[in-house]
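Heads up: the structure comes next, in structure tokens.
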Amino acid sequence: MFQDLRYGARMMIKSKGFTAVAVLSLALGIGANTAIFSVIDAVMLRTLPVERAEQLALLSRLNPQGGGESFTYPQFEQFRERNQVFANVFGFAYRQPRVKIGGREEEALVQIVTGQYFSALGVKAGLGQTLGPATDRRSGFASAEEQSAVISDGFWQRKFARDPAAVGKSIAINGNAFTIIGVAPPGFFGVSLEYAVDVWAPLGAQPQLDGQSELNGTGRNWLRVMARLKPGVSLTAATADADLIFHQYLRSVKATPEALAQRIGLESGGTPVFGMRQALAQPLLMLLAMVGLALLIACANLANLLLAKASARQREITMRLALGATRLRLVRQLLTESMLLALLGGAAGIFLGKWGSDLLMALTFKGLALGPIPTPLLFRLDLRILGFTVLTSMLAGMLFGLVPALKATRPDLVEGLKENTTHLSGNRHRRRLNRVLVAAQLAASLVLLITAGLFVRSFQKLAGVELGFNPQVAQARVTTPPNYTDAQRERVWSATRDKLAAYPGALSASESLPGLFSHYNIYTDATVEGRPPRKGLGERDHDVLVAAGPGFFSTIGTPLLMGRDFGARDSQYSVKVTIINETLAHRLFPERNPLGQYLRIGEAPFEVVGVVKNAKYESVLADAPSILYLPLEQFQPAHFSATRFFEVRSAGDAANFAAHLQQIVQELDQNLSVESRPLLDLVDQSLLLQHLIARLTGLFGLLGLSLACLGVYGIMSYTVAQRANEMGIRLALGAQRGAIIRHVLLEAMWPVFGGVACGLAVAVGATRLVASQLFGLTATDPLTILLATFSMLAIAATAAYFPARKAARVEPMVVLRRE
């Protein structure tokens, strides 16, 4: 083996150009596979960095209408105190308050946790200590432990430059002082692979952080519950025990029939794949299949090159066989050379994979600044990534090396030892195999190209969707500290609205709750007065409720189709009114004018005073939901009491105006938290995944096309070089150079036509697998297929033209003299 490796290395050094092309082709193919697999590993396969992650279980409420993920604190206490199947039960909830350190304030992701949180996870502090059971007291800041906080390693690095003296320092969260008692170990971001927690605060601090206590409340579900199973207990047994406890509690508090219809569901908490990660799962697997095809194209390309190289080494191989070498010995030698190439390509692919993985992860989570900070997904060269790359490299080496090795070691000894023989029979067989490999490359490349075209055209259609509002409007989310009274907040909202409307360059300003594309939803079920309410509704069947101020529709550019807008007369003392969109008007009043009709929302009747055009609400992909708009003076949801969204239409660029909104608002009150962006950015954020897929599939489609056409060019160059004598004789006998070009081109295009035909047949079936991810077109979109096919034919013909032109420029006298 050492002898084979040494000889293979010498052959690679001897053919530097071939080695460089081979390693680069493999590096691109293997690197792309490594990059996609590393993201799949980080998104779908990696477990939480805690002790025995497989024993963790996440509890949720299930029912035919969708259920929920959170519980009340009294329900959590029942699970903790009465269960027989859990070793530990702990709860947590996310908050995004303002955190002040040394005079500088910014928003951070805070997780309030129960006392068993760190001990149940088996997480020990990297510095200092963690929160303990004493933090479960519910009397507010009753003890020193309840004024404690633990910060993440990343937060410690960003804010304290990893200074050990950070332990013991004070930070302010929403104006409440907390003492840092410890730093979490590196790599621990919480119990989600979705978001990175900055600060962990004790459960007893919830009333101070939220401005009102939820610790004794039984109405609102807000606390996530996770548990560690006892050894030997299955998820099925634990589910049955938790469900029994849950229903016993519901019956004890005389819960409604809807609540009693819920049941408890348990899922693995060690590999929590949900949210963005769940949305990425199918696209990532599809991209892995695409880069796998690109690698196959690269392998076919290299197999062609090795076949050409085997022809040049025919006398060497024949001599070895004549001197007594076995065929198996020579196949092993040639495969060793192929494996060396593959492993070199794999080594280069690791570096390309790291760069591609970092780029892919940055593109994936770009634009999520309005939501919680995503967990850093870093390229880690662990055993799984290394094993995948080595295995991929070895499989690639076998794929492109085995057939040429078998073909090269089966020559005619007599013919092979003759001088100046072309061994026509062997050359014909080799050329036939070359054509088959070229056709296979082109077929795979066409599948990639059609798939890429479908996603690019799908994204173009998404980008051109009618939104129903003007995206060139700035939106600001303003949040007051939790210790502000309702009167203080009303003064803030009024002053902010007036200042934004009067600011130079502002054409109009309004306010709403919640804001467009803010990912905050309020659902209700509106019924026509006198009709019975609908039953058995899922979450998507409910109506969306939006509270809006005067001038809201003119500010965001949503046309009023009939009736009137909200005005100053729509106060809390006047008749309750509502404006509905087209979707709701068609559902509730299919055959009559909705104006003047009454809707029942909850227990109160609302008069319909207007109908507005449908507008996208939180997703460009989804149809416009049925929406009720209520005046802000008549409807202010309690859980939005500290938050208000303001929309401003300006004469200039919305992005520039949005950049100034924070300063404009904080001039009124430095304690306000402000986040501002143009609506266009929020729309683009909702299309982040589709944009990413379109870009990556386009990139991989072009990569496959380039490799395939490189294969056409390479094999035609090799064929022309081998047939130089033939071309010279043809020219000497009177053939025209144009005829030679046509002859070579026609011969080159036959495998191209065969590959395109096979590729079309495969693509028609394969693209149906991605039909659910397309928008506005079918998986067999004729225009996409035609464009991809003609592009393939044109580029392949161009790749074949240059060798054909070279064949026509052969000098007959030079060839005949050599012959």
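The values are calculated or read from the model by the stated rules, or taken from the named source; none is laboratory data. Just so you know, these numbers come straight off a predicted model, no measurement behind them. Virtual Cβ from ideal backbone geometry, glycine too; neighbours counted across all protein chains shown. Side chains are part of the model used for accessible areas, which takes the heavy atoms of the whole protein and leaves out ligands, DNA and RNA. Shrake-Rupley method; radii C 1.70, N 1.55, O 1.52, S 1.80 Å.
From THR798, THR789, grab the single residue that is at pLDDT 85 or above, within 28 Å of ALA303 (Cα to Cα) and over 36 Å from the mean Cα position of the chain (by Cα).
Checking each option against the conditions leaves just THR798.
Regarding LEU280, is this residue modelled with pLDDT under 85, open to solvent by less than 40 Å² (accessible area, probe 1.4 Å) and among the hydrophobic types (A, V, I, L, M, F, W, C)?
Taking the combined requirement at face value, the residue satisfies it.
For every residue, the table says whether it meets (1) at pLDDT below 85; (2) more than 30 Å from LEU560 (Cβ to Cβ); (3) open to solvent by less than 50 Å² (accessible area, probe 1.4 Å); (4) in a helix (DSSP H, G or I).
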residue	(1), (2), (3), (4)
ALA452	no, yes, yes, yes
PHE455	no, yes, yes, yes
PRO482	yes, yes, yes, no
ARG489	no, no, yes, yes
ALA495	no, no, yes, yes
ASP498	no, no, no, yes
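List every residue pair whose Cβ atoms lie under 6 Å apart, where the two residues are 6 or more positions apart in sequence or sit on different chains, the first residue falls within the range 438-456 and is farther than 13 Å from MET286 by Cβ, and the second residue, located anywhere, is at pLDDT 90 or above and not β-branched (Val, Ile, Thr).
From residues that are farther than 13 Å from MET286 by Cβ, the pairs are ALA443/CYS758; LEU449/ALA788; ILE450/ALA788; GLY453/ALA788.
Output the number of the condition that SER60 fails; it satisfies all remaining conditions of (1) open to solvent by less than 20 Å² (accessible area, probe 1.4 Å); (2) touching an Asp or Glu at 6+ places or on another chain (Cβ under 9 Å); (3) of a type in the set (Ser, Thr, Tyr); (4) in a helix (DSSP H, G or I).
(4)
For residues in the range 298-346 being without any contact (Cβ under 8 Å) to a residue 12 or more places away in the chain and hydrophobic (A, V, I, L, M, F, W, C), which is surrounded by the most Cβ atoms within 10 Å (Cβ to Cβ)?
ALA325
Give me a count of the residues in the range 146-195 that are closer than 22 Å to ALA120 by Cβ, part of a loop (DSSP other than H, G, I, E, B), open to solvent by 20 Å² or more (accessible area, probe 1.4 Å) and modelled with pLDDT of 90 or more.
Result for the range 146-195: 1.
Which ones in the range 297-310 are over 17 Å from ALA452 (Cα atoms) and not polar (S, T, N, Q)?
If the condition is that a residue be over 17 Å from ALA452 (Cα atoms) and not polar (S, T, N, Q), then ALA298, CYS299, ALA300, LEU302, ALA303, LEU305, LEU306, LEU307, ALA308, LYS309, ALA310 are the ones that fit.
The conditions are (1) open to solvent by less than 30 Å² (accessible area, probe 1.4 Å); (2) of a type in the set (S, T, N, Q); (3) modelled with pLDDT of 80 or more, and SER143 fails exactly one of them. Which is it?
SER143 satisfies every listed condition except (3).
Can you go through LEU783, LEU746, LEU777 and tell me which one is of a type in the set (A, V, I, L, M), in contact with a Leu (Cβ under 8 Å, 6 or more places away or on another chain) and surrounded by fewer than 18 Cβ atoms within 10 Å (Cβ to Cβ)?
Checking each option against the conditions leaves just LEU777.
Scan the range 600-615 residue by residue and report those that are at pLDDT 90 or above and buried (at least 18 other Cβ atoms within 10 Å of the Cβ).
PHE606, VAL608, VAL609, GLY610, VAL611, VAL612, ASN614, ALA615
Six or more apart or on different chains, Cβ atoms under 8 Å: show the pairs whose first residue is in the range 219-238 and touching a residue at least 24 places away in the same chain (Cβ under 8 Å) and over 24 Å from GLY190 (Cα atoms) and whose second is in a loop (DSSP other than H, G, I, E, B) and β-branched (Val, Ile, Thr).
Filtered contacts from the range 219-238: GLY219/THR72; VAL233/VAL85; ALA237/VAL85.
Taking the range 624-646 as the region of interest, how many residues are open to solvent by less than 20 Å² (accessible area, probe 1.4 Å) and either farther than 27 Å from GLN96 by Cβ or not aromatic (Phe, Trp, Tyr) (or both)?
8
With the requirement that a residue be closer than 29 Å to ASN656 by Cα, touching a helix residue (DSSP H, G or I) at 6+ places or on another chain (Cβ under 7 Å) and open to solvent by 20 Å² or more (accessible area, probe 1.4 Å), what does the range 681-724 give you?
LEU689, GLN690, HIS691
How many residues does the range 729-743 hold that are over 17 Å from TYR801 (Cβ atoms) and open to solvent by less than 60 Å² (accessible area, probe 1.4 Å)?
4
Considering ASN434, ASN427, which residue is farther than 24 Å from ALA42 by Cα, of a type in the set (S, T, N, Q), modelled with pLDDT under 60 and part of a helix (DSSP H, G or I)?
One residue alone meets the criteria, ASN427.
Is at least one residue of the range 524-539 under 38 Å from the mean Cα position of the chain (by Cα), of a type in the set (A, V, I, L, M, F, W, C) and assigned to a loop (DSSP other than H, G, I, E, B)?
Yes, the range 524-539 contains a residue that is under 38 Å from the mean Cα position of the chain (by Cα), of a type in the set (A, V, I, L, M, F, W, C) and assigned to a loop (DSSP other than H, G, I, E, B).
Of (1) part of a helix (DSSP H, G or I); (2) open to solvent by less than 40 Å² (accessible area, probe 1.4 Å); (3) small (Gly, Ala, Ser), ALA794 satisfies all except one. Which?
(2)
Can you tell me how many residues within the range 176-232 are over 33 Å from the mean Cα position of the chain (by Cα) and within 30 Å of LYS254 (Cβ to Cβ)?
11
Residues are listed down the side, and each one gets a yes or a no for (1) in contact (Cβ under 8 Å) with a residue 40 or more places away in the chain; (2) surrounded by 15 or more Cβ atoms within 10 Å (Cβ to Cβ):
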{"site": "LYS14", "(1), (2)": "no, no"}
{"site": "VAL23", "(1), (2)": "yes, yes"}
{"site": "SER70", "(1), (2)": "yes, yes"}
{"site": "ARG80", "(1), (2)": "no, yes"}
{"site": "PRO97", "(1), (2)": "yes, yes"}
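Taking the options ASP565, ASP570, ASP543, name whichever one is more than 23 Å from ASN470 (Cβ to Cβ), touching a helix residue (DSSP H, G or I) at 6+ places or on another chain (Cβ under 7 Å) and surrounded by 12 or more Cβ atoms within 10 Å (Cβ to Cβ).
Exactly one of ASP565, ASP570, ASP543 is more than 23 Å from ASN470 (Cβ to Cβ), touching a helix residue (DSSP H, G or I) at 6+ places or on another chain (Cβ under 7 Å) and surrounded by 12 or more Cβ atoms within 10 Å (Cβ to Cβ), namely ASP543.
Are any residues in the range 254-277 farther than 30 Å from VAL50 by Cβ and modelled with pLDDT of 80 or more, and if so, which ones?
Selection gives LYS254, ALA255, THR256, PRO257, ALA259, LEU260, ALA261.
Within 28 Å of GLN722 (Cβ to Cβ), touching a helix residue (DSSP H, G or I) at 6+ places or on another chain (Cβ under 8 Å) and at pLDDT 85 or above, is that true of GLN314?
Spelling it out, it is not the case that GLN314 is within 28 Å of GLN722 (Cβ to Cβ), touching a helix residue (DSSP H, G or I) at 6+ places or on another chain (Cβ under 8 Å) and at pLDDT 85 or above.
Let's see how each residue does on (1) at pLDDT 80 or above; (2) among the basic types (Lys, Arg):
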position	(1), (2)
LEU703	yes, no
ALA708	yes, no
GLY711	no, no
ARG723	no, yes
GLU747	yes, no
GLY755	yes, no
CYS758	yes, no
VAL770	yes, no
